[in-house]
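S.K.: Sharing a structure, written as structure tokens. Questions coming.
Every number in this text was worked out from the coordinates using simple rules, so none of it is lab data. The structure displayed is predicted, hence computed values, not measured ones.
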Amino acid sequence: MLTDIPLKFKINRRTILLTQKKYIMQTATVPTKTFEKILSKLDYLTEEIETIKAKLFEEEPTYGSDAWWTWSDKKADEDIKAGRVMKFDSTEEAIKWLNS
């Protein structure tokens, strides 16, 4: 019968709990900086996954409803804050960009 052996690591007030199968008794030494980089990248990936999940499962309200207008205004504000906008000095410049 195989049992899990819990392994605990504490780094910067974080506790990482890993399990290792009893028959796999191998040890790897990882420098602290490398381990911190791994944790940092995992944090980033976790945030990205949460963002993607939110976008995938977000339901758009019925077009034209009051809820839709509130939702679309919120989306527009998010785009503006994130810099996902185009600015034009004239109508002709905007039309030229649209036709390009």
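S.K.: Averaged over every viewing direction, what's the projected area of the C-alpha convex hull for segment 58-100? Give it in nm², one decimal, please.
M.R.: Values: hull surface 17.8 nm².
Directional mean of the projected Cα hull area for segment 58-100 stands at 4.4 nm².
S.K.: Here's another thing I want to ask about it. Each residue of segment 49-65 in turn: what ³J(HN,Hα) in whole Hz from Karplus with 6.51, -1.76, 1.60 and θ = phi - 60°, glycine and Pro shown as x?
M.R.: Computed from phi, the couplings for segment 49-65 are 4, 4, 5, 5, 4, 4, 5, 5, 9, 6, 9, 7, x, 4, 4, x, 6 Hz.
S.K.: Let me ask you something else. Of 53/75; 74/96; 55/81, which ones are farther than 23 Å apart at the Cα? Show your work: numbers first, answer last.
M.R.: Working: 53/75 16 Å; 74/96 28 Å; 55/81 17 Å.
Where the Cα-Cα span goes over 23 Å, the pairs concerned are 74/96.
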